[in-house]
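Enquirer: Can you keep this structure in mind? I'll have questions shortly.
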Amino acid sequence: LILDFLDEVVRKPTVLIGIGDDWRIKLLFPLLWFIDFLLKQRPIADAIFEDVKQREPANDEGALDAFVSIVTGPSGPNPVQLMPSISIPVLVLWGDEDPFTPLDRPVGRYL
């Protein structure tokens with residue numbers, strides 16, 4: 001859905017940044033590590049992916065690998081620390097019911 005928006009509306013090179021600085025994520029670390037382990041088992045990852053995929057592009061070659069990489073990959077640099085060095089326009093798309101980083105928490109208020 002986001003990639004479709006970028007292709008159809010933005011039509012410019014774009015960098016997507018995810019934010020996950022909320023304290024509640026730290027409580028989930030053991031569960032996230034377990035999920036990470038499961039997703040590195042190809043048959044399990046394939047079964048989970050078949051259950052969660054919702055769009056036709058999810059059938060493309062490499063979709064499963066992209067899914068596993070996104071879910072199990074490193075989080076990357078902290079976006080709040082990167083913001084001062086950004087000198088181009090930024091469009092922030094944020095779900096108003098985001099359970100991990102709500103708009104009324106520190107990161108949401110900052111952005």
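The values are calculated or read from the model by the stated rules, or taken from the named source; none is laboratory data. Since we're looking at a predicted model, the values are computed, not measured. Using ideal geometry, Cβ is built from the backbone for each residue, glycine included, and neighbour counts are taken over all protein chains shown. Accessible surface areas use protein heavy atoms only, side chains included; no ligands, DNA or RNA. Shrake-Rupley method; radii C 1.70, N 1.55, O 1.52, S 1.80 Å.
Enquirer: For the stretch 32-90, give me each residue that is of a type in the set (F, W, Y) and within 30 Å of R109 (Cβ to Cβ).
Expert: Selection gives W33 alone.
Enquirer: Kindly provide the set of residues from the stretch 68-77 that are touching a residue at least 24 places away in the same chain (Cβ under 8 Å) and part of a helix (DSSP H, G or I), ordered by number.
Expert: Residues satisfying the conditions are V68, V71, T72.
Enquirer: Here's a follow-up. Across the stretch 7-28, which residue is surrounded by the fewest Cβ atoms within 10 Å (Cβ to Cβ) among those that are at pLDDT 80 or above and aliphatic (A, V, I, L, M)?
Expert: Only one residue fits best here, namely V9.
Enquirer: Return the total of residues in the stretch 78-99 being open to solvent by 90 Å² or more (accessible area, probe 1.4 Å), over 23 Å from V10 (Cα atoms) and assigned to a loop (DSSP other than H, G, I, E, B).
Expert: So the answer is 1.
Enquirer: Can you say whether L31 is over 19 Å from V92 (Cβ atoms) and either at pLDDT below 80 or in a helix (DSSP H, G or I) (or both), as far as the supplied structure shows?
Expert: Yes, satisfied.
Enquirer: Mind checking which residues of the stretch 57-76 are open to solvent by 80 Å² or more (accessible area, probe 1.4 Å) and within 23 Å of K12 (Cα to Cα)?
Expert: Matches in the stretch 57-76: D60, I70.
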